[in-house]
Each structure stands twice: as structure tokens, then as C-alpha cells.
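Please read the structure below before turning to the comments.
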Amino acid sequence: MDFRETGYGLIRAYIEKRATKDASNRAAHHRTAHHRTARPSAAHPSEARPSAAPPNPHPNPYPLRTLFWECTLQCNQYCRHCGSNASSATSKDIPGADFIAVLDLLKRRLEARGWPLPFLAITGGEPLVRKDLSEVMHVAFRELGYTWGMTSNGVALSPGTAARLAQAGMSTVSVSLDGYGATHDTQRNAPGSYETTMANLINMTKNRVFKRIQVTTVVNPHNMDELETLHAVLLPLGLTSWRLASTDPIGRADESLMLTGAQHRELFEFIVSHSDERLPIIYACPSHLGEYEQRVRDHPFHCSAGQETMSILHNGDVAACPNIPAHDDTIQGNIYDQDINLDILEVWDTRYHFHRNRDIMFSEFCDACDVWDACRGGSRHSFDFEARTQRKCIKKMLDFERERGR
């Protein structure tokens with residue numbers, strides 16, 4: 001389908017208007033520079049030639065590698081473990097043209113600095129509830145040059161939708177599968193969703209619609225005994241990877257969904273014994289994993305929130321990781337604030353103090369920990385900002401479990 005037929009006129013008009021304005025500014029600058037060179041002012045001899053742009057007075061040592069866009073909080077499912085507390089209720093999401101405006105300004109500022117563009121990670125809610133997503137991301141990719149991927153529950157990833165997203169430049173997708181059959185449907189309060197998601201997943205892998213196709217499973221005590229079954233189902237599909245994560249104490253998740261230390265050990269042993277080149281299995285990013293660190297994922301623990309990762313939330317709030325609950329320490333402002341005015345690179349340069357001073361997360365919970373230098377208090381999204389302590393430390397859970405077993 002030709003995207004000119006899908007009605008993204010406002011977004012296209014913004015890009016064309018921006019290009020026209022830039023051309024006009026360049027022409028005006030050329031005329032001014034020529035005039036000043038030809039007739040230098042005696043009072044202001046420095047105006048005889050345009051001065052070079054001043055160096056950045058505050059060089060930023062933190063590279064912006066990933067920009068999340070929580071494009072909506074609305075969702076077509078109601079998962080028991082949802083960290084965003086998403087629902088079918090309509091959310092007040094920023095217009096797609098405003099997101100494009102943010103990306104356009106960010107691109108021009110990064111290019112002036114000589115920095116590469118960040119990868120755009122699209123999340124929600126369920127991103128595909130947003131009707132203009134393909135059109136917005138088509139402009140982000142085709143016109144502005146951003147690479148991007150998406151997390152989705154997969155229900156709306158029909159062959160036609162997947163093809164449109166691929167045409168809009170989407171290169172990676174992570175599809176949620178939280179159990180086999182009825183277990184998945186119950187976890188997501190969505191009868192019949194397992195069959196629909198699997199059909200769409202099979203289409204994407206069979207036709208290699210995207211460069212990287214991943215399945216993510218949030219593991220809890222109710223679906224742990226189905227990991228073997230899921231492995232048998234996923235193995236022949238040719239996935240890029242299978243990503244496993246235990247439930248985190250955020251959003252709607254309650255204690256009944258949390259794994260114990262022993263269950264975490266069982267999960268990690270499953271990964272160690274089943275991961276191979278046919279189906280690489282990795283554990284998700286949260287928490288230092290103690291003795292399993294770098295055995296069940298290919299990188300050491302590092303919470304990149306506010307150090308490599310920033311987010312634009314559905315309402316325009318500027319944050320670090322979208323999984324971190326909103327708090328005074330975590331929300332850095334809003335794209336519409338007068339002192340931000342869509343310029344998120346200025347926010348990246350001058351804020352995120354809490355995220356960049358990891359010692360703030362030290363508490364009695366971390367006292368005498370032998371991996372403090374590597375961990376620095378664990379994941380931001382599971383940190384209790386009121387009590388100032390970490391709510392989930394897998395390393396300590398494993399340590400306690402081992403001590404009890406002696």
C-alpha cells in the first residue's frame with residue numbers, strides 16, 4: 001500500500017513545512033553573512049564574519065542509545081502482571097505530529113553534535129491500538145532515518161498489519177506469550193488470544209516479515225510448568241530469541257505472581273539447559289542474578305535508565321525507562337513544558353540526576369553486598385521511591401534460598 005493513500009497528511013505537512021523553514025533560514029543566514037562580510041561594522045568588527053558555533057559547555061558523557069515511546073496506555077487486553085496498569089480505557093495520547101516534531105528536532109541537534117540517532121522502541125499499552133502508528137513511524141523511518149521496533153501482545157499483528165509495519169521500517173518485534181493455550185488467555189484476560197497470537201507469530205516467522213522476531217514470556221508460579229511445552233512449540237519457528245522474565249512488583253502484579261528464590265533457580269537452570277543456537281533463550285534485563293549473572297544473558301547487569309535510555313510517555317512526560325512508576329524523581333518534565341518545548345536533548349543533557357548518581361539507591365538492603373560495585377542498587381523500576389529501598393533483588397533471593405538449603 002502506498003502510504004500517501006493512508007492519510008498522514010498532517011505529519012507529511014509538518015516535514016515539508018520544516019524543510020521549507022530550514023531552507024528559508026539557510027537563505028537568510030547566507031544573505032546576512034554576505035552583508036556582514038561586505039560591510040563590516042566599525043563598532044562591531046566581530047560581525048565581519050560569522051563566528052563558529054561555541055563548544056558545548058557541558059559535554060554529556062551519557063550516550064542516548066534507546067528512546068522509548070509509550071504511544072498509548074490503551075490496551076486490548078488486561079494482563080494480571082501489567083506494569084503499566086494499561087486497560088481498554090481511552091488514554092489522552094500526544095498527537096503523532098508532535099512526536100515527529102520531537103524526533104525532527106532531536107535529529108538536527110544530534111547531527112550537529114555528531115551523535116548517532118537512538119533506536120526507537122515503541123511500547124504501550126498495546127501500540128497497535130493506536131490507529132496512526134504505521135503512518136507516524138513511516139515518517140520517523142523514511143523521512144528522518146530512525147530505526148525502530150515494537151513490543152506487542154500480537155493479537156492485532158495480522159499479516160496485513162505486519163506488512164504495513166514492515167513497509168514503515170519496523171525491523172524488530174517482541175511478541176508476548178505468557179503460557180500455553182488457556183494459561184496464556186487467563187493471564188491476559190483475553191479468551192482465544194493464544195490461538196490468534198500464535199497464528200500471527202507463525203506468519204511473521206514463516207515469511208520473515210521482520211529482521212528480528214522475539215517472544216517474551218513473563219514467568220510466574222502458574223505457568224512455570226509449561227516452559228517445556230512452550231519450548232517445544234517455539235523451537236521450530238526460527239525465532240531470533242525467547243526472552244524470559246519473572247514478574248516484577250509493579251503495576252497490577254500481586255504476590256501470587258512472584259517467583260521465590262527456588263523458582264528463580266529452577267527458571268535459570270531451564271535457560272542454561274535449553275538455550276542453543278536453534279532457539280537462544282535469554283533472561284530479561286532486571287536485577288543482578290548472582291551466580292547466574294552472564295550465564296543466562298549475554299551481558300552483565302546494568303540499569304541503563306537515564307544513562308542510555310529515555311522515554312516519552314503517552315501524555316508527553318519525559319522519563320527514563322517506561323517501566324519505572326511515575327514519581328518526582330523519575331519524571332523529568334513534559335515535552336510541552338515551556339522550558340523544554342519539544343527539546344528532549346536538553347533534558348538529556350541537564351537532568352536525570354537521580355538516575356546518574358547510583359549511590360542514591362544504597363540502603364540497608366544493599367549493606368555488605370559483594371556485588372554493589374556492579375549492581376548499584378538494582379533496577380530502577382523495582383525501586384521503592386517512598387521507602388528508598390529495592391523491592392526485588394534476585395541475587396539476595398538466591399542467596400537466602402541457598403542458605404536455607406544448607
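The values are calculated or read from the model by the stated rules, or taken from the named source; none is laboratory data. Predicted, not measured: the structure shown is a model, and the values here were computed from it. Here the Cβ positions follow ideal geometry from the backbone for every residue, glycine too, while neighbour counts run over all protein chains shown. The accessibility values were calculated without ligands, DNA or RNA, using every heavy atom of the protein model including side chains. Shrake-Rupley method; radii C 1.70, N 1.55, O 1.52, S 1.80 Å.
What's the local net charge at Thr72, with K and R +1, D and E -1, over the other residues with C-beta under 9 Å away?
Working: positive: Arg130; negative: Glu70, Asp93, Glu126.
Here the charged neighbours net out to -2.
In square nanometres, what is one fourth of the surface area of the convex hull spanned by the alpha carbons of segment 236-276? Don't jump to the answer; show the numbers that get you there.
Working: hull surface 16.4 nm².
Dividing the Cα hull surface by four gives the mean projection, 4.1 nm².
Under 5 Å between amide H atoms, partner at least 5 residues away or on a different chain: which partners does Ser87 have, H built in plane at 1.01 Å?
Close amide H contacts, sequence-distant or interchain: Cys75.
For segment 59-163, just say rounded, prolate or oblate: build the C-alpha gyration tensor, square-root its eigenvalues into a ≥ b ≥ c, call rounded for a/c under 1.5, and beyond that prolate if a/b exceeds b/c, oblate if not. Intermediate values should be presented prior to the final figure.
Values: a/c = 2.16, a/b = 1.72, b/c = 1.26.
Prolate, because a/c is 1.5 or more and a/b exceeds b/c.
Out of every Cα-Cα pair in segment 339-406, what percent are more than 17 Å apart?
Values: 1212 of 2278 pairs.
Result: 53 percent of Cα pairs exceed 17 Å.
I need the shape label for segment 267-378. Rule: rounded when a/c is under 1.5, else prolate if a/b > b/c, else oblate, with a, b, c from the alpha carbon gyration tensor. List each step's numbers first, then the result.
Numbers: a/c = 3.11, a/b = 1.69, b/c = 1.84.
The shape class here is oblate.
Volume per residue, Å³, of the convex hull around the alpha-carbon atoms of the chain?
In the chain, the Cα convex hull volume per residue is 163 Å³.
Roughly how many nanometres apart are two label points built 7 Å out from the Cα toward the Cβ at His222 and Leu110?
Here the modelled spin labels are 3.9 nm apart.
Greater than 28 Å separation of Cα atoms is the criterion. Which listed pairs, Lys107/Lys131; Lys92/Lys211; Lys92/Lys395; Lys107/Lys206, meet it?
On the way: Lys107/Lys131 25 Å; Lys92/Lys211 32 Å; Lys92/Lys395 39 Å; Lys107/Lys206 35 Å.
Over 28 Å apart, Cα to Cα: Lys92/Lys211; Lys92/Lys395; Lys107/Lys206.
Give, as a single signed number, the net charge of other residues whose beta carbon lies under 11 Å from the beta carbon of Asn323, with Lys and Arg counted +1 and Asp and Glu -1. Present the calculation step by step, with values, prior to reporting the outcome.
Details: positive: Arg380; negative: Glu70, Asp248.
Around Asn323, the charge tally is -1.
What part of the accessible area of the chain, given as a whole %, is carbon or sulfur when the probe is 1.4 angstrom?
Values: 10090 of 19450 Å².
Of the solvent-accessible surface of the chain, carbon and sulfur hold 52 percent.
Scan around Ala190 for amide H atoms under 5 Å from its own, H built in the peptide plane at 1.01 Å from N, and keep only partners 5 or more places away or cross-chain.
Under 5 Å from the amide H of Ala190: no residue qualifies.
Check which residues have an amide H placed less than 5 Å from Asn334's amide H, if you skip close sequence neighbours.
Long-range HN contacts for Asn334: Val318.
Can you compute 3J(HN,Hα) from phi for each residue in segment 297-305, using the Karplus curve 6.51 cos²θ - 1.76 cosθ + 1.60 with θ = phi - 60°, rounded to whole Hz and x for Gly and Pro?
8, 8, 8, x, 4, 7, 7, 8, 4
Just to be sure I understand the curve: with the Debye formula and one point per C-alpha of segment 137-178, what is log10 I(q)/I(0) at q = 0.14, 0.19, 0.28 Å⁻¹?
At q = 0.14, 0.19, 0.28 Å⁻¹ the computed log10 ratios are -0.32, -0.55, -0.97.
For the ranges 395-404, 69-78, 180-189, what's the packing order if you count other beta-carbon atoms within 10 Å of each residue, average per peptide, and put the highest first? Display every interim value, and only then the final one.
Details: 395-404: 15.9, 69-78: 21.9, 180-189: 18.0.
Top to bottom by mean Cβ count within 10 Å: 69-78, 180-189, 395-404.
Give the Debye-formula value of log10 I(q)/I(0) at each listed q (0.09, 0.13 Å⁻¹), with one equal scatterer per alpha carbon of segment 173-305, two decimals each.
With one equal scatterer per Cα and no solvent, log10 I(q)/I(0) is -0.26, -0.55.
Considering the Cα positions of segment 194-264, please state its Rg to one decimal place and its Dmax as a whole number of Å.
So, for segment 194-264, Rg and Dmax equal 14.1, 40 Å respectively.
Residues with beta-carbon under 15 Å from that of Thr147, excluding Thr147: net charge, scoring Lys, Arg +1 and Asp, Glu -1? Working shown, then result.
Details: positive: Arg65, Lys107, Arg142, Lys211, Arg212; negative: Glu143.
Neighbour charge sum, excluding Thr147 itself: +4.
Given the DSSP H assignment, sum -39500 (n - 2.57) over each helix run of at least 4 residues in the chain and divide by its residue total; what's the result at 222 nm in deg cm²/dmol, nearest 500? It would help to have the intermediate numbers written out before the result.
Numbers: 12 runs with 132 residues, N = 406.
Mean residue ellipticity at 222 nm (helix-derived): -10000 deg cm²/dmol.
Need one word for segment 99-237: rounded, prolate or oblate. Basis is the Cα gyration tensor (sqrt eigenvalues a ≥ b ≥ c); a/c below 1.5 gives rounded, then a/b vs b/c decides. It would help to have the intermediate numbers written out before the result.
Values: a/c = 2.31, a/b = 2.15, b/c = 1.08.
Prolate, since a/c reaches 1.5 and a/b exceeds b/c.
Among 350-359, 270-279, how do they line up by average Cβ neighbours within 10 Å per residue, starting with the highest? Write down the numbers at each step before the final one.
Values: 350-359: 15.8, 270-279: 13.7.
Going from most to least packed, we get 350-359, 270-279.
Give me the base-10 log of I(q)/I(0) for segment 129-206 at each q in 0.13 Å⁻¹, Debye formula, one uniform scatterer per Cα, rounded to two decimals.
Values returned for q = 0.13 Å⁻¹ are -0.42.
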